[in-house]
Every structure is written in C-alpha cells, then in structure tokens.
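Derivation of every value follows stated rules applied to the coordinates shown; laboratory data play no part. All values derive from a computational prediction rather than experimental measurement. Every residue, glycine as well, gets a Cβ built from its backbone with ideal geometry; the counts of neighbours run over all protein chains shown.
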Amino acid sequence: MTTKADISRQKPAGLPLLPGLPADRPLIMGIVNVTPDSFSDGGDFAAPDRAIAHGRALLAAGADILDIGGESTRPGADPVSVGEEIARIAPVVRALAGEGAVVSIDTRHAAVMRAALNEGAAILNDVTALTGDPGSLALASESGAPVVLMHMLGDPRTMQADPRYDDVVRDVYDFLARRVAACEAAGIPRDRLIVDPGIGFGKTVAHNIELLRRLDAFHGLGCPILVGVSRKRFIGSISRDEPPKERVAGSLAAGLAALDRGARILRVHDVAETAQALAMWMMLR
Ligand code: HH2
C-alpha cells in the first residue's frame, strides 16, 4: 500500500513525446463526441461531417489535441458494439488526422484503438486504463503511442450507484500506480504514460472535490496529469443545478485550479473559453 509520504508533493512530470506539440505549457484537449448520447453534447456531432467540422472549429479555437470518441461513458450509458464504434470514429479520425491534427482516440476497446491508429490517431485515451479489453495492453505497447490511463470505479452503467473509498486520493493513486507498473511490465515506458484521476467516474461530489484539491499528490506517479472536469455534473451540484452547457464557468474555475496543482492537459468541450483562461493563467503565473 502507498503511504502518505509516497504521495506527497513532487515535481510535475514533463509531457511525453507528443510530436509537434509545445512542451512548455499545459495543453488543451478538445472533445469530439461522435455519439448520439453523450451527456453534454450527445447528438450534436453524431454525423461524421458535423464531427469533422466541429474538430476543425476546436483546432481553430486553440485545441492542441482532438479527443475523438464513439461511445458515451456517461453514468448509466449502455455500451455500443465495437463495429458501430469503429463506424462512428473512423471517418472522423481519418479526416482530422489527415489534415494534420494530433488525434487521441477515446475508447476502451482494442479493435477501436487499432482502427483509429490505422486512420492516423497518435494517442490512446482509455477510461479503463487498459483493463477493459484483454488485447489493449499488448496493442498499446506495440503501437508506440502515448496512453492516457484513467481511473474509473466499476463501469459506466453502475459506477454512480454508491461509490465508496477508504481514502479516495490514496485508492485512486494506488490503482494508477498498479496500472503504470502493468504498462511498464508490458513494455510501455513511463514517459509514454499520462495519468488521470477520472473525475465523475464512480465518484461522489465530495470525492471529485477531494481529488481536485489534492491533485498534486498524483505527481508521485512520475507521469503528466490529465484532468477532465468539463461540464460535469458535480459542477451543477455545487452550484445551481445548471444543465451541462451552462457549466462552462465552473469548468474553467476547476480547470484553472487543476493547472495550479500541476495538471498538464485539460480535456474540455469549450476550447475557446479554455484557451482564453489558459492565456491569462500563463501571464499571471
Ligand atoms: N471524461 C469523459 C470521457 N472520456 N477521458 C479521460 N481521460 N478523462 C475524462 O475525464 C473523460 C474521458 C466524459 O466526458 P464526455 O466525453 O463529454 O461524455 P460522454 O462519455 O458522455 O461521451
């Protein structure tokens, strides 16, 4: 088990090799959900041409990376077939990567990772930290791509039922430490790994707040930290129960707090607003 001393303040890890991306400032990962049912923009970009246009708009607004997903992992979401997921993401990855965008694929399925890599994706983003599919660890290792390892308790259908931890920061930290070790054992060096506490994935409002307050503990893992707070329910819960698209201000506040604690990548829907906030944060640092 990890002791408090192990997870005490450590220097933020540098970004891994992400060709063509600046290494001297935090990065903005813009979300492209090619889904009918995502929690905040489900259906807005389900058609490939709309998703591609949205990706271009996010790049123009300042996104460094486009995170393309074809399956919602919102609480209660039903899984989609791998064939359907590939049909959703493939034309969008092909078009945007073909135009030079740095694309990450948001999936928990090895076949979808493989298809996306073949279409030009450069980063793997897995909400199961490569535990969701028996083929994903080997595939990630062979691919040479950077991997985002995210913590989730249970699976999307049940994760918000009654999440419990002894100490949420320590439990999430220990899970990520085990996944980093499993990746290293499978031949993925630590400098290709990015860690993410998985805000909203099997966590109460109090758990999410605690993870963000103590985010700097995760520097002990020796990997850059990615945080996804954008439009998530806990923002409405601590405010006035605003619907997802009215949670932009809270998303920015939480994102900036994450940057203060050393987060290197923010995964967001509202790229233009985040880019403006990031520019100001950089000037005032
Ligand atoms: N959050 C969502 C999906 N993927 N990946 C990482 N690494 N971190 C996150 O916090 C994260 C993620 C959920 O957001 P969204 O994609 O907008 O919703 P949905 O899963 O409903 O498509």
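Taking other residues whose beta carbon is less than 11 angstrom from the beta carbon of ALA181, and scoring Lys, Arg as +1 and Asp, Glu as -1, yields +1. Projecting each Cα onto the charge dipole of the chain (Lys/Arg +1, Asp/Glu -1 at the beta carbon, about the Cα centre), which of PRO26, SER237, GLY100 comes out farthest on the positive side? The listed residue farthest towards the positive side: PRO26. Projection of the Cα convex hull of region 85-169, averaged over all directions and equal to a quarter of that hull's surface, yields 6.5 nm². Temperature 25 °C, viscosity 0.890 mPa s: under these conditions the Stokes-Einstein estimate for region 24-284, based on its Kirkwood radius over C-alpha pairs, is 135 µm² per second.
Here the calculated FRET efficiency for ARG285 and ASP191, from their Cβ-Cβ distance with R0 = 22 Å, stands at 0.35, rounded to the nearest 0.05. Per-residue 3J(HN,Hα) values for region 238-255, derived from phi via the Karplus relation 6.51 cos²θ - 1.76 cosθ + 1.60 with θ = phi - 60°, read 8, 10, 10, 6, 5, x, x, 6, 9, 10, 5, 4, x, 5, 5, 4, 5, x Hz in sequence order (x marks Gly and Pro). Rounded to the nearest 500, the helix-only mean residue ellipticity at 222 nm of the chain stands at -11500 deg cm²/dmol, with each DSSP H run of n ≥ 4 adding -39,500 (n - 2.57). For region 263-273, 3J(HN,Hα) computed residue by residue from phi via the Karplus equation (6.51, -1.76, 1.60; θ = phi - 60°) reads 4, 9, 9, 10, 9, 9, 7, 9, 6, 4, 5 Hz, glycine and proline entered as x. Spin-label pair SER239-ALA23: with each label point 7 Å from Cα along the Cα-Cβ axis, the two points sit 3.6 nm from one another.
Counting other C-beta atoms within 10 Å, which of ILE68, ILE199, ILE86 has the fewest, and how do the rest follow?
The fewest-first ordering by Cβ neighbours comes to ILE86, ILE199, ILE68.
A Stokes-Einstein calculation at 25 °C with viscosity 0.890 mPa s, built on the Kirkwood radius of region 241-283 over Cα pairs, returns a diffusion coefficient of 228 µm²/s.
Note that region 39-47 has calculated 3J(HN,Hα) couplings of 5, 10, 9, x, x, 5, 10, 6, 7 Hz, one per residue in order, obtained from phi through the Karplus relation 6.51 cos²θ - 1.76 cosθ + 1.60 (θ = phi - 60°); glycine and proline are x.
Search the structure for amide H atoms under 5 Å from the amide H of ASP270, placed 1.01 Å from N in the peptide plane, and list their residues when 5 or more places away or on another chain. Here nothing satisfies the definition.
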